[in-house]
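These notes are about the structure you will find just below.
The values are calculated or read from the model by the stated rules, or taken from the named source; none is laboratory data. In this text the structure is predicted, and so the values were computed from the model without any measurement. Every residue, glycine as well, gets a Cβ built from its backbone with ideal geometry; the counts of neighbours run over all protein chains shown.
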Amino acid sequence: MKLTFFITIVLMSSLSLQAAETKDKSKFTFEDLKALAKAAAKKPYSPGAIPAPDLIDKISYDQHWKIRFKEQETFYPSGSQAPVQLFYPGRYFPQPVSIYMRDDKGSVEEVPFSNKFFDMPADSPAHDLPQGFGFAGFRIMRPDMKPDWVSFLGASYFRTDGSEGQYGLSARGIAINTGMSEPEEFPRFSAFWIGPAQNNDESVSVWALLEGPSITGAYRFGLTKDNKKAKGHITSVNANLYMRADVKRLGIAPLTSMYWYSEKDKTKAKDWRPEIHDSDGVAIHTGAGQHIWRPLNNPESVSTNSFFDENPQGFGLIQRDRDFNNYQDDGVFYNKRASAWVKPIGEWGKGAVQLIEIPTKDETFDNIVAYWVPEKPARKGDEFTFSYDIQWRPLDPKSNKLASVVNTRQGLGGIPGQPIPEGVNKMVIDFTGPVLKGLDSHGDIKPVVEANNGEILEPIGVYPVVGTNQWRLTFDYKQTNKNPVSIRAYLTNKKDEVISETWVSDATVTIK
């Protein structure tokens, strides 16, 4: 199992559980949760203490995953279609989380922490953990009690295994000051209320209380498994946010993934596998209807890209390359990793989809974050409400009228057999889609390629790839200053109508 980035940062967030207290079997509504979160935002932040910190530190990563929830102790708050099992705390999940089960009448009952729920090795240090400590999170199993399909574990992180049953990227409740020079803040879900589905499509409904130094929040999650329209799972999110302090960068609907290298930048690593990544690009469907594809990079330093928009129709971190032969990993199956597509509900106004890329030298840390940043500043006392669906799909939704990018490659510029021009690199982009069928290379397709901080060199080639249904766009470019070359490219037809999504990239890798 891949050790993801959230494991390393969960120690940075904390929460007082006092605000989440409620009497067993008392009535509790989502309006009560919102009132609780709003009231907490008016009080100073008080991090909750970790009971028995020296003991919990002894439960290492490997020891933690040897502790298993007993099948006979499984909870069924939403019937047999959504069995719930709980996670044990450990070194990387030390903060206690309160778990409540909620029935269809609104009554709730807290699940008391006890070792009786778990099987663990005889030599596990967990045997000495005191009663009443608190759980680390929960997961929802399939009806046959085979693999879980959704889990909430660590800070405000959650994820599903998508349509192909393979965990990969994660979502989280909120992002605070991500990718900035000051330390990032990691609010966490401190309490969950798990209960019956609230509409016919859902498998189970979850409420969550979020709190951090700068923010509190009341969340409702509707969890749906195997939705036919989305071709995967859906997490419906209603987030009611209350600012405890000013925040410089508020990230809504954040997604977190891993990108080490792909066919575009294989020179970044010496691993034997051809590619290693959970996602290979960010896709955006703008409010004006434009489709954008931005291949991911593993940069030399932290990189921030902002795509300004108004009322976006969707964005996501996508794993477009789904061919096993391009990964050759039969252990963690990167070709099966889910993509996550955020579909806003209602108008989000002005803002930007922001992409943060962090350098990494291996596959053990998540180094990619994407989220929406509202134009309106987040100030103390402000309230925000956002609703959206996260579709855990194989691919992002496609337009029938536009070709999509399927490959991006980069290498030395020039012509084979001739001297290699200094400082010149080549970009190769492959497009595919029904709109390209029947076209030929004699004027039916015209490329548009533009650059900032760089120069696009002639000739620019566009032609069908023999034996495939793909068209290839090739061009050389060079930097004109010390900043990365920012390139934008798309295809048009003979009527100058756009027939492809817009490919954009910061060419941060200079081939030598």
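Structure data summary
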| read-out | value |
| --- | --- |
| Cβ-Cβ under 6 Å pairs, at least 6 apart or on other chains, the stretch 119-130 side more than 16 Å from Lys70 (Cβ to Cβ), far side of a type in the set (D, E, K, R) | Pro125/Lys58 |
| Any hit, the stretch 458-479, residues being surrounded by 15 or more Cβ atoms within 10 Å (Cβ to Cβ), polar (S, T, N, Q), outside any strand (DSSP E or B) and assigned by TED's automatic domain parsing to the domain that holds Thr408 | no |
| Where Gly289 falls short, out of the listed (1) without any contact (Cβ under 8 Å) to a residue 12 or more places away in the chain; (2) on the phi > 0 side of the Ramachandran plot | (1) |
| Test: Ile445 is outside the structural domain of Leu296 (by TED's automatic domain parsing), within 29 Å of the chain's Cα centre (by Cα) and among the β-branched types (Val, Ile, Thr) | no |
| Those residues of the stretch 36-73 which are within 19 Å of Ser114 (Cα to Cα), touching a strand residue (DSSP E or B) at 6+ places or on another chain (Cβ under 6 Å) and hydrophobic (A, V, I, L, M, F, W, C), in sequence order | Ile59, Ile67, Phe69 |
| Selection from the stretch 204-229 of residues that are part of a loop (DSSP other than H, G, I, E, B) and at pLDDT 95 or above | Gly212, Pro213, Ser214 |
| Count of residues meeting criterion [in a helix (DSSP H, G or I) and hydrophobic (A, V, I, L, M, F, W, C)] in the stretch 47-62 | 2 |
| Strands (runs of 3 or more DSSP E) within the stretch 302-415 that include 2 or more residues within 14 Å of the chain's Cα centre (by Cα) | 314-318, 339-345, 350-357, 368-374, 383-393 |
| Residues within the stretch 29-47 that are over 26 Å from the mean Cα position of the chain (by Cα), surrounded by 16 or more Cβ atoms within 10 Å (Cβ to Cβ), more than 23 Å from Pro94 (Cβ to Cβ) and of a type in the set (A, V, I, L, M), tallied | 2 |
| Positions within the stretch 427-457 being free of Cβ contacts under 8 Å to residues at least 40 places away in the same chain and part of a loop (DSSP other than H, G, I, E, B), in sequence order | Lys437, Gly438, Asp440, Ser441, His442, Asn453 |
| Hits in the stretch 108-141 - residues which are assigned to a loop (DSSP other than H, G, I, E, B) and surrounded by fewer than 17 Cβ atoms within 10 Å (Cβ to Cβ) | Pro112, Ser114, Pro121, Ala122, Asp123, Pro130, Gln131, Gly132 |
| Single match in Asn469, Asn452 (criterion: of a type in the set (S, T, N, Q) and under 25 Å from Ser303 (Cβ atoms)) | Asn452 |
| Criterion (crowded, with 21+ Cβ neighbours inside 10 Å, touching a residue at least 40 places away in the same chain (Cβ under 8 Å) and closer than 29 Å to Pro47 by Cβ) met by exactly one of Gln95, Gln63 | Gln95 |
| Asp201 over 20 Å from the mean Cα position of the chain (by Cα) and either at pLDDT 95 or above or farther than 21 Å from Ala40 by Cα (or both) | yes |
| Answer from Ser181, Ser163 - the residue that is polar (S, T, N, Q), in contact (Cβ under 8 Å) with a residue 12 or more places away in the chain, within 30 Å of His277 (Cβ to Cβ) and not in a strand (DSSP E or B) | Ser163 |
| Residue selected from the stretch 143-158 under the condition without any contact (Cβ under 8 Å) to a residue 24 or more places away in the chain and over 21 Å from the mean Cα position of the chain (by Cα), by the criterion farthest from Glu202 (Cα to Cα) | Lys146 |
| Only one of Asp321, Asp362 that is in the same structural domain as Ala378 (by TED's automatic domain parsing) and more than 14 Å from Ser257 (Cβ to Cβ) | Asp362 |
| Test: residue in the stretch 47-60 that is polar (S, T, N, Q) and modelled with pLDDT of 90 or more | yes |
| Enumeration of residues in the stretch 203-248 that are surrounded by fewer than 20 Cβ atoms within 10 Å (Cβ to Cβ) and without any contact (Cβ under 8 Å) to a residue 60 or more places away in the chain | Gly222, Lys228, Lys229 |
| All positions within the stretch 68-92 that are aromatic (Phe, Trp, Tyr) and free of Cβ contacts under 8 Å to residues at least 40 places away in the same chain | Tyr76 |
| Failed item, numbered, when Phe189 is tested on (1) surrounded by 22 or more Cβ atoms within 10 Å (Cβ to Cβ); (2) within 24 Å of Ala40 (Cα to Cα); (3) touching a helix residue (DSSP H, G or I) at 6+ places or on another chain (Cβ under 9 Å) | (3) |
